[in-house]
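What follows is a set of notes on a single structure, which appears directly below.
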Amino acid sequence: MKIEEAFEEIIKYSHYWNWAPDWGVVIDIYKTFPNSYSVLSPFAYSYLEELIRSTTSEYPLQFQNEDQLVLKKKKVGMSLISLAISESKEKNPEYAIILEELKEYYYPSKITDEGDKRHSVAHGYIHPRFWSQESFEKLILDIAKLSKYAGF
């Protein structure tokens, strides 16, 4: 799959109001400024996390009780992907296999990472100038592969 096709696949399955408009902006930026991957990587990782969450029992993010809107602590990172795998193993084994492959993004960062780990991007462990365009495009291709399973 080419990067352009991956972007279209992501938009096709993204939440129409919450994510699709932003993905349109990402595409426009990336087409115009291909070196913008370091600015776009955090967005892509945020989306990946919510995409995975949308397939679990932890989606939607908010729960309402009779008094007020309450946000409950949610799983993130490796805990979230493990939850998604455990909840989908039997009902959707193909999806669980893809999630297993995506665990690589959630392993703890090392100094040799090039922006190809969620932690190095989301927590600023590796400076953006060390991130690579190849790792960004791989992330986009992986999100596209996962997109048809979205639970938005």
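Taken together, the values in this text are just the output of simple stated rules run on the coordinates, not laboratory data. These numbers come from a predicted model, not from an experiment. Every residue, glycine as well, gets a Cβ built from its backbone with ideal geometry; the counts of neighbours run over all protein chains shown.
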Practice problem: With a 10 Å radius around each residue's Cβ, average the other Cβ atoms per peptide and rank 33-46, 87-100, highest first. | Solution: 33-46, 87-100
Quiz item: Looking only at the stretch 73-108, which residues have a backbone nitrogen under 17 Å from a spot 7 Å from the Cα of Asn18 in the C-beta direction?
Solution: 73-77, 80-81, 84
Exercise. Kindly rank 15-21, 77-83 from highest to lowest mean number of other beta carbons found within 10 Å of each residue.
Key: 77-83, 15-21
